[in-house]
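Some notes on the structure that comes next.
The values are calculated or read from the model by the stated rules, or taken from the named source; none is laboratory data. Just so you know, these numbers come straight off a predicted model, no measurement behind them. Cβ coordinates were reconstructed from backbone atoms using ideal geometry, including for glycine residues, and neighbour counts include every protein chain displayed. Side chains included, ligands, DNA and RNA excluded: accessible areas come from the protein's heavy atoms. Shrake-Rupley method; radii C 1.70, N 1.55, O 1.52, S 1.80 Å.
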Amino acid sequence: MFSQLVFYPIDLRCEHLFLPQGLNTYQPRFTWGLAGTGRNRRQTAYRIIVGTDKKAVANGVGELWDSGRIEATDSVLVPYAGKVLKSDQVLYWSVQVWDETGAVSKFADPAMLFTGLMDPSDWKAGWITRSFFPPDGRTPPQDTPYDNPYSALPADYHRREFVLSTPIKRATAYVTALGLYEFRINGQRVGDQVLAPGWTDFHKRIEYQSYDVTSLLCEGHNVLGAIVGEGWYCGRVALNHKRAGSHYGSRPAFLCQLHIEDKDNNVNFIVTDPQWKCANEAIIYSDLLIGEKYDARLEQQGWDCPDFDDQDWWNSQTLDVLPQPPVLNAARSCPIRKTSQFAARLLHKTKNGEFIFDIGQNIAGITRMELDAPHDAVFVLRHGEALQPDGTLYTANLRSAQATDIYISKGGQQVFEPRFTVHGYRYIALSAPENFDVAKINLTGIAVHSDLPIAGSFTSGSPMLNQLQSNIVWTQRNNFLSVPTDCPQRDERMGWLGDAQVFFNTAAYNLDTSSFFDKWLLDITDAQTNDGVFPDVAPSIVYTRFAPLPPRGAPGWGDAGVILPWRIYEQFGDVDILARNYGGMVRWMDFIERNNPSYIRCKALFSNWGDWLCLGKTTSKPLFSTAYWAHMADIMTCTARLLNRRQDEARFTAMHREICHAFQKAFVSDDGVLESDTQTAYLMAISYTLLDEPTRVRAISHLLRTIEETGGHVQTGIHGIRLICPVLAEYGHADIAYDLLMKETFPSWGFTIRNGATTIWERWDGWTPENGFQSANMNSLNHYALGAVGEFLFARVAGIEIVPGSAGRKFRLRPLTNRKIGFCKASYRAHVGEIVSHWRFDKDCLLWDVKIPPNCIAEAELPETQGDWKLDGNNIPEDMIHPDISGRRNRLEIGSGSYRFSLDTSSRSGE
Ligand code: BGC
């Protein structure tokens with residue numbers, strides 16, 4: 001019997017993903033959300049089905065697992081407990097749920113997942129590369145046939161022709177590259193992802209992608225094709241611009257294993273081996289930092305189709321000597337894709353004859369050029385984030401990144417989109433042959449990033465705040481490219497841990513980052529040294545200006561190895577991530593304690609960047625470092641408790657106490673002034689609970705003083721910025737928090753927006769009217785860390801907070817209503833369902849609409865305590881009210897459903 005009210009499972013995820021392409025575990029975990037009408041809806045039981053037949057699974061029949069009815073409210077990361085999974089399976093799973101009345105839902109539309117190649121022995125394919133010399137004595141092909149000052153390599157093209165004599169039931173391809181690849185079958189591109197397989201420390205680990213290619217193959221002749229570029233493996237990235245050697249290897253290689261199952265369940269394999277043939281073609285070179293040079297005249301039509309004459313191609317070579325074969329892991333996160341498009345507008349011609357185009361948004365991506373041009377015509381596209389006062393392109397801040405694409409026309413109508421490069425830019429400077437009519441060219445900016453599902457939306461009555469939110473989201477997209485990078489434009493683009501941990505919560509409100517960080521934590525673990533030191537950047541890099549060792553162990557950066565697993569747990573409820581990382585977290589704590597017996601973390605063992613990019617006075621580094629240590633001791637205490645490690649819990653509790661004691665002695669004067677007396681010093685001491693109660697009270701007033709002293713402006717660097725508005729609001733100074741947030745004078749977010757920012761700048765003074773651009777040595781206009789205020793927009797302006805560890809099953813709703821901004825509407829799609837908070841001042845009324853997903857509860861704090869709040873026009877039922885210790889009656893506990901709260905404000909309209 002079905003309930004009259006609707007109640008059913010939605011958003012089926014496995015291992016945080018809607019569609020896992022390969023599993024890295026025999027015990028995948030299932031998560032579903034719930035949708036339903038009515039209030040106080042709850043799941044009381046569930047039943048999961050897993051099988052290989054989609055239709056059967058939809059009807060509740062699965063040969064691999066039928067959990068049976070399980071009486072439980074769980075819907076997050078429920079582990080598989082069926083028959084042992086095998087490699088190379090396509091599975092479907094579904095779930096049905098029972099509500100609080102005992103009514104049962106239908107089964108959800110089954111979700112698909114690939115198991116991948118779970119055992120290393122499943123791999124039969126060998127790595128292949130394009131050999132320099134054809135073995136038959138033919139003249140070696142010119143490797144860099146054009147003027148190529150960068151010694152970047154031409155892309156490798158590989159092809160393999162084969163015949164299928166029986167009809168196919170199912171075909172799956174497992175593919176990856178040491179470098180970047182585009183995989184093709186019978187003239188068609190496979191999948192829609194780009195820049196695969198992404199970035200890992202290729203010495204240790206590489207991800208592969210799994211594709212269902214059944215529909216691309218046919219009986220008879222077939223061709224597999226691959227274009228392989230240098231990418232993160234052997235091209236330039238992460239300060240490697242001198243070509244002293246690349247971080248990981250010197251030539252790209254390709255790996256592919258195609259499983260073809262016929263009607264009788266026989267499986268045939270086509271794998272990369274010397275039967276493949278190779279050549280170079282139109283990509284003269286393609287590099288993430290330099291750009292791509294493409295000579296369309298060299299295209300070989302049909303090279304990836306049957307019936308192509310490949311007698312000029314020669315055999316690919318197996319690559320037998322890798323320094324150390326990397327572990328092959330199924331892709332854990334969402335693929336990189338081309339997402340939004342921006343039409344470019346021609347602005348003007350510069351004095352040096354370039355045409356300047358504007359795409360209106362600073363992005364990380366590529367430019368598509370559609371053109372009608374004569375044979376041999378050469379076009380050069382340079383990319384940059386800003387223009388100089390004379391209208392020419394500003395590229396000094398790219399440092400050695402050229403961000404330049406070169407295209408040589410094959411004649412007629414044609415389209416060019418570079419394959420293996422990404423530029424951080426808003427403006428394009430195009431050089432075309434003399435007398436060429438640029439009206440014949442259409443340029444479009446295409447954003448390229450890890451395509452994570454959208455999680456949050458935020459809009460308010462303040463255009464400036466809305467632009468700030470847009471700038472934050474774009475900066476996140478632009479820098480979430482396989483790993484969280486610092487910037488997409490200059491020759492750096494590294495996964496800096498400090499920036500990422502500061503921005504983590506903001507990022508998680510905007511996009512569903514669960515799988516992205518799950519994968520990146522492995523990069524961090526891969527980079528941890530034997531003595532427990534976490535890196536400052538992950539994936540680890542080799543050739544840098546920090547040679548001989550990559551930067552590591554910086555307080556606030558290396559510390560992310562402890563902070564991030566905890567925050568991921570808080571946000572997504574994934575305890576396994578904590579368990580998996582616990583050993584490494586403890587080793588880092590051991591290392592710090594061993595080296596700082598006085599409980600003041602004063603030794604800069606490696607790097608110490610402090611409160612990076614603050615203005616005015618700098619925060620004492622020992623104070624900064626010790627505060628992070630205390631924060632970690634706190635996290636370790638909670639983690640040990642959660643994992644039931646009693647001794648460790650006691651150890652870290654004691655450690656936190658020792659640190660606090662030492663901190664107060666070393667850094668706090670009698671009048672409560674902290675060493676260095678900066679906003680960040682107070683913010684860290686307050687947030688990371690380093691002070692006793694009377695000292696904390698005094699610290700707040702000193703914090704207010706430091707804000708007053710700067711005329712009500714922020715002065716913090718990237719570490720203080722995350723804390724400033726939340727701390728002010730938490731301790732009763734929401735008005736000052738709003739003041740900082742809404743400021744438009746220097747330094748502020750509003751100042752950057754007034755000056756045309758469409759992304760978050762690396763530095764408060766990235767550009768000022770007095771001084772123009774900051775030092776080109778380090779001045780990205782697309783750096784997310786100072787955008788860490790985004791968390792405050794969701795958590796306090798809109799009022800949506802997740803209760804840590806509940807994975808969204810419990811919320812805290814505490815909006816800070818504000819007449820100046822008039823309204824705010826935000827939503828957040830947790831894995832369990834969508835929550836909405838929408839408040840607005842409406843004539844004589846303050847209205848607050850909230851929507852809570854089924855199976856979830858919220859503690860709601862009515863924003864204005866004066867006056868009588870109503871629920872749906874009536875008095876609020878007594879059983880909803882949970883007075884706080886001081887007896888205030890504005891705290892409610894509410895179950896799922898939609899609620900409208902209203903407050904008559906007519907007597908206060910003059911406020
Ligand atoms: C990066 C920052 C990073 C910092 C550490 C800079 O070059 O852009 O994001 O945190 O270095 O020193």
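Quick check, is I881 open to solvent by 70 Å² or more (accessible area, probe 1.4 Å) and among the β-branched types (V, I, T)?
No: the conditions fail for I881.
Restricting the search to region 80-124, which residues are under 30 Å from the mean Cα position of the chain (by Cα), aliphatic (A, V, I, L, M) and over 17 Å from T31 (Cα atoms)?
Within region 80-124, L85, V90, L117, M118 qualify.
Does region 343-359 hold any residues that are out of contact with any Phe, Trp or Tyr (no Cβ under 7 Å at 6 or more places or on another chain) and either open to solvent by 40 Å² or more (accessible area, probe 1.4 Å) or not in a strand (DSSP E or B) (or both), and which are they?
Scanning region 343-359 gives A343, H348, T350, K351, N352, G353, E354.
Kindly indicate the residue of region 809-867 that is within 16 Å of L903 (Cα to Cα) and polar (S, T, N, Q) and also modelled with the lowest pLDDT among those meeting that condition.
Looking at residues that are within 16 Å of L903 (Cα to Cα) and polar (S, T, N, Q), I get T865.
With the condition kept exactly as written, say whether any residue in region 452-465 is of a type in the set (A, V, I, L, M), within 15 Å of the ligand (Cβ to nearest atom), touching a residue at least 24 places away in the same chain (Cβ under 8 Å) and open to solvent by 10 Å² or more (accessible area, probe 1.4 Å).
No.
Would you be able to tell me the number of residues in region 495-505 that are of a type in the set (D, E, K, R) and more than 9 Å from the ligand (Cβ to nearest atom)?
Qualifying residue count for the region: 0.
Write out, first by first residue and then by second, each pair whose Cβ atoms fall under 6 Å of each other, whose residues are 6+ apart or on separate chains, and whose first residue, in region 379-405, is over 10 Å from Y425 (Cα atoms) and hydroxyl-bearing (S, T, Y) while the second is modelled with pLDDT under 95 and open to solvent by 40 Å² or more (accessible area, probe 1.4 Å).
Short answer, once both residue conditions are applied: S400/H241.
I'm trying to understand the selection: among the residues of region 59-80, which are in contact with an Asp or Glu (Cβ under 9 Å, 6 or more places away or on another chain) and either surrounded by 17 or more Cβ atoms within 10 Å (Cβ to Cβ) or of a type in the set (S, T, N, Q) (or both)?
G62, V76, L77
Working carefully through the options R170, R205, R189, R184, find the one that is open to solvent by 20 Å² or more (accessible area, probe 1.4 Å) and either in contact with a Gly (Cβ under 7 Å, 6 or more places away or on another chain) or of a type in the set (S, T, Y) (or both).
R184
I'm told I881 meets every condition in (1) among the aliphatic types (A, V, I, L, M); (2) more than 37 Å from the chain's Cα centre (by Cα); (3) on the phi > 0 side of the Ramachandran plot except one. Can you identify the failing condition by its number?
I881 satisfies all of (1) among the aliphatic types (A, V, I, L, M); (2) more than 37 Å from the chain's Cα centre (by Cα); (3) on the phi > 0 side of the Ramachandran plot except (3).
Could you grab the pairs with beta carbons closer than 9 Å, sequence gap of 6+ or different chains, first residue in region 849-866 and at positive phi, second one open to solvent by 10 Å² or more (accessible area, probe 1.4 Å) and of a type in the set (D, E, K, R)?
These pairs meet every condition: N855/R42; N855/R809.
Filter region 360-399 for residues that are in a loop (DSSP other than H, G, I, E, B) and either surrounded by 15 or more Cβ atoms within 10 Å (Cβ to Cβ) or on the phi > 0 side of the Ramachandran plot (or both) and give the result.
Listed by number, the residues that qualify are D376, A377, E385, G391, T392, T395, R399.
Among the listed residues T817, T905, identify the single one that is more than 20 Å from R39 (Cα to Cα) and open to solvent by 20 Å² or more (accessible area, probe 1.4 Å).
On inspection, the qualifying residue turns out to be T817.
Limited to region 713-742, what total is found for residues that are part of a loop (DSSP other than H, G, I, E, B), farther than 20 Å from W609 by Cα and open to solvent by 40 Å² or more (accessible area, probe 1.4 Å)?
Result for region 713-742: 3.
Where in region 451-547 are there helices (runs of 4 or more DSSP H), lying wholly inside it, with at least 3 residues that are closer than 27 Å to R594 by Cβ?
497-510, 514-527
In this structure, is S775 small (G, A, S), over 24 Å from T865 (Cβ atoms), within 16 Å of the ligand (Cβ to nearest atom) and modelled with pLDDT under 95?
yes
Counting just the residues of region 85-124 that are among the β-branched types (V, I, T) and assigned to a loop (DSSP other than H, G, I, E, B), which one comes out most open to solvent (accessible area, probe 1.4 Å)?
Within region 85-124, the match that is most open to solvent (accessible area, probe 1.4 Å) is T101.
Does I563 meet the test of being out of contact with any Phe, Trp or Tyr (no Cβ under 7 Å at 6 or more places or on another chain) and of a type outside the set (F, W, Y)?
Yes.
Just give me the residues in region 478-494 being more than 20 Å from F572 (Cβ to Cβ) and either open to solvent by 10 Å² or more (accessible area, probe 1.4 Å) or within 12 Å of the ligand (Cβ to nearest atom) (or both), in sequence order.
N479, L481, T485, D486, C487, P488, Q489, R490, D491, E492, R493, M494
Looking at (1) among the acidic types (D, E); (2) open to solvent by less than 20 Å² (accessible area, probe 1.4 Å); (3) not in a strand (DSSP E or B), find the lone condition where D320 falls short.
Here D320 clears every test but (2).
Provide a single number: the residues in region 663-684 that are touching a helix residue (DSSP H, G or I) at 6+ places or on another chain (Cβ under 7 Å), touching a residue at least 60 places away in the same chain (Cβ under 8 Å) and aliphatic (A, V, I, L, M).
Number satisfying all stated conditions: 2.
Among (1) at pLDDT 95 or above; (2) under 36 Å from the mean Cα position of the chain (by Cα), there is one condition L322 misses while meeting the rest; what is its number?
(1)
Among the residues of region 271-303, what is the count of those that are open to solvent by 10 Å² or more (accessible area, probe 1.4 Å) and either under 30 Å from F162 (Cβ atoms) or not in a strand (DSSP E or B) (or both)?
Residues that pass the stated criteria total 15.
Could you tell me which numbered condition L704 fails, if it satisfies all but one of (1) more than 25 Å from Q501 (Cβ to Cβ); (2) within 16 Å of the ligand (Cβ to nearest atom)?
Unmet condition: (2).
Among the residues of region 525-542, write down those that are of a type in the set (D, E) and open to solvent by 10 Å² or more (accessible area, probe 1.4 Å).
Hits for region 525-542 are D526, D531.
Among (1) more than 29 Å from the chain's Cα centre (by Cα); (2) under 30 Å from D201 (Cβ atoms), where does V380 come up short?
That leaves (2) as the condition not met.
Within region 1-58, restricting attention to residues that are basic (K, R) and outside any strand (DSSP E or B), which residue is surrounded by the fewest Cβ atoms within 10 Å (Cβ to Cβ)?
Applying the filter and picking the extreme gives K55.
Could you say whether any residue in region 506-522 is within 16 Å of the ligand (Cβ to nearest atom), more than 15 Å from A785 (Cα to Cα) and either surrounded by 23 or more Cβ atoms within 10 Å (Cβ to Cβ) or among the aromatic types (F, W, Y) (or both)?
Yes - at least one qualifying residue is present in region 506-522.
Check Y569, Y599 and return the single one that is in contact with a helix residue (DSSP H, G or I) (Cβ under 9 Å, 6 or more places away or on another chain) and on the phi > 0 side of the Ramachandran plot.
Sole residue among the options that is in contact with a helix residue (DSSP H, G or I) (Cβ under 9 Å, 6 or more places away or on another chain) and on the phi > 0 side of the Ramachandran plot: Y599.
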